[in-house]
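Novice: Mind looking over this structure? Questions follow.
The values are calculated or read from the model by the stated rules, or taken from the named source; none is laboratory data. Because the structure is a prediction, the values reported are computed rather than measured. All Cβ positions, glycine included, derive from the backbone under ideal geometry; neighbour counts span all protein chains shown. Just the protein is used for accessible areas: all its heavy atoms, side chains included, with ligands, DNA and RNA removed. Shrake-Rupley method; radii C 1.70, N 1.55, O 1.52, S 1.80 Å.
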Amino acid sequence: RLRGLVQHRHELNRELVRRKNKLVAICDELFPEFALIYTNDQNCESALRLREKYPTAQAIAEASLDDLCQTMRPGTFPGRKKLAQLQELARTSIGTKNEHRHASLLVEQRFLIREKRQLECDLNELDAIIEPVVTESREGKILMSFAGISTKSAATLVAGIGNIMNYKNADHLRSYMGWSPKQSQTGSTTNSTVMAKSGNALLKWTMYMVAITAIRQEPWRTIYKTLCKRMAVYNSKTGKWTGRMKAVGHVAGQMIGLIY
């Protein structure tokens, strides 16, 4: 039951990402300076409401500041000061001036915004169907007891792994999930260990996100820091570890062993 639901959710999410990317591309062509104000997300709901009512830089420049503020919900980003900056940018925008190109982009943008909202609605409805299936199952309860594994991640793992008895041991499961190390050695010149490129792509990505979330919590945070000291190099200038993905890979591998 979960396999079909999770696969459909993955397809919907992929389509949603495509719509978001297209909306960003259209915004970059119509009003590239828009990204200077909406630095985090040009497709957030407040940005889309503004783009719907004032779809071009010229429309934003000609509108009154009060009208622009009315598209925002009270207490949400951006504030009045940022919208005033947006108007100034709109007056000197380098966006496309071709009339026919403008017309086609505006139609496409309107359709994409509508499709994005519908896909988000469908995803929320699908999540409401998936959640009780996961939370009521024994496997789901076990997985969600792990740090970093959410309901969505648990659903993907249960759907992808299936019956645990299909795997001879934890190494077999790691290999299927794409987290099996592959050693390259020639005897004198090469001796390195890298992650194999085989395995289920969706499970591999899901387990990566789980590991990234888990290392922010105990006990995985301590394990991750210990592994970094042994496998990575600390860069004092950036304050970050170089080569930390090896440590993340080991955390993911240990988690898969515990899952098994």
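Novice: Go through the stretch 74-87 and give me each residue that's surrounded by 13 or more Cβ atoms within 10 Å (Cβ to Cβ) and part of a helix (DSSP H, G or I).
Specialist: Scanning the stretch 74-87 gives LYS82, LEU83, ALA84, GLN85, LEU86, GLN87.
Novice: Open to solvent by 20 Å² or more (accessible area, probe 1.4 Å) and either in contact with a Pro (Cβ under 7 Å, 6 or more places away or on another chain) or not basic (Lys, Arg) (or both), is that true of MET207?
Specialist: no
Novice: If ARG244 satisfies all but one of (1) modelled with pLDDT under 90; (2) surrounded by fewer than 14 Cβ atoms within 10 Å (Cβ to Cβ), what's the number of the condition it fails?
Specialist: Result: ARG244 passes all but (2).
Novice: Taking only pairs six or more apart or across chains, which ones have beta-carbon atoms under 6 Å, a first residue in the stretch 86-112 that is over 21 Å from THR39 (Cα atoms) and hydrophobic (A, V, I, L, M, F, W, C), and a second residue that is in a loop (DSSP other than H, G, I, E, B) and open to solvent by 90 Å² or more (accessible area, probe 1.4 Å)?
Specialist: Sorted first by the residue in the stretch 86-112, then by its partner, the list stays empty.
Novice: Could I ask something else about it? Is it the case that the stretch 143-166 has a residue that's under 27 Å from the mean Cα position of the chain (by Cα), open to solvent by 20 Å² or more (accessible area, probe 1.4 Å) and more than 21 Å from LEU203 (Cα to Cα)?
Specialist: The answer is no; no qualifying residue exists.
Novice: Need pairs with beta-carbon distance below 8 Å; first residue more than 15 Å from LEU126 (Cα to Cα) and within the stretch 1-25, second basic (Lys, Arg); sequence gap 6+ or separate chains.
Specialist: ARG19/LYS116; LYS20/LYS116; LEU23/LYS116
Novice: A further question follows. For the stretch 222-241, enumerate the residues that are more than 25 Å from the chain's Cα centre (by Cα), open to solvent by 80 Å² or more (accessible area, probe 1.4 Å) and not hydrophobic (A, V, I, L, M, F, W, C).
Specialist: Across the stretch 222-241, the qualifying residues are THR226, LYS229, ARG230, TYR234, SER236, LYS237.
Novice: As an exercise: evaluate ALA90 against (1) assigned to a helix (DSSP H, G or I); (2) open to solvent by 90 Å² or more (accessible area, probe 1.4 Å) and give the number of the one condition it does not meet.
Specialist: The number of the failed condition is (2).
Novice: Further, regarding this structure: Give me the pairs: first residue in the stretch 127-145 and under 18 Å from HIS8 (Cβ atoms), second residue exposed (fewer than 12 other Cβ atoms within 10 Å of the Cβ) and charged (D, E, K, R), beta-carbon distance under 9 Å, and six or more apart or on different chains, which are they?
Specialist: From residues that are under 18 Å from HIS8 (Cβ atoms), the pairs are VAL133/ARG1.
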